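What follows is calculated from the coordinates using simple rules that are stated; it is not laboratory data. Worth saying up front: this structure is predicted, and the values here are computed from it rather than measured. Note that each Cβ is placed from the backbone with ideal geometry, even for glycine, and that neighbours are counted across all protein chains shown.
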Amino acid sequence: MTIAPPSPTAPARPRLRPVRYEPGPREAPVRTAVPATPPAPEPAASTARELVDAHHAVTRILRLALEVLDGRRSHLQLEAHFAPEPLRYWRAALRPRAPVRRGRMRLCLPRPGVAEVAVPCQIDGVVRALAARFERVDTRWCCTVVRLLGAPAPRRARRTSTRQQTR
């Protein structure tokens, strides 16, 4: 097999240059000052697994909560997943006239066993934010704080018919 010499029109290949990594026999090693920075902690496999578990559980609980808000489910179904205070808050929320549309959920784990969630929701044509905090109790996730942020849609006054006004 013969190798053809490079043609003059072909682009030049880069040349490799030797790099000296160690000092020569009569040279002193060069010491550079390396700043002492602690290595960045790598997420443990358990943290990644907890994030996935929290995402699945919180998504299921929030879907259930929004169905309770719509009136499609009873508030009794939330008792196993909500602490008493957030359950009272959720029951007192105004019932929307149309089904709630849920946006993409943002979830973070500020520390092990705690998940914080933000979800945009369209309620009666107005986009509002749902913020919640979940804590792991034994093997399940429990909502400890929930807030529905943003101004609710204004309620229109009911018009009475002329027939009712004349009576």
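Numbers below:
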{"read-out": "Inter-centroid distance (Cα atoms) of region 57-71 relative to region 93-115, Å", "value": "8"}
{"read-out": "Label point 7 Å beyond Cα of Arg88 along Cβ direction - residues of region 105-144 with amide nitrogen under 20 Å", "value": "131-135, 142-144"}
{"read-out": "Karplus-derived 3J(HN,Hα), 6.51/-1.76/1.60, for each residue of region 95-107, Hz, glycine and proline x", "value": "7, x, 7, 10, x, 7, 9, 9, x, 6, 7, 10, 10"}
{"read-out": "Average silhouette area of region 67-142, convex hull of alpha-carbon atoms, in square nanometres", "value": "5.4"}
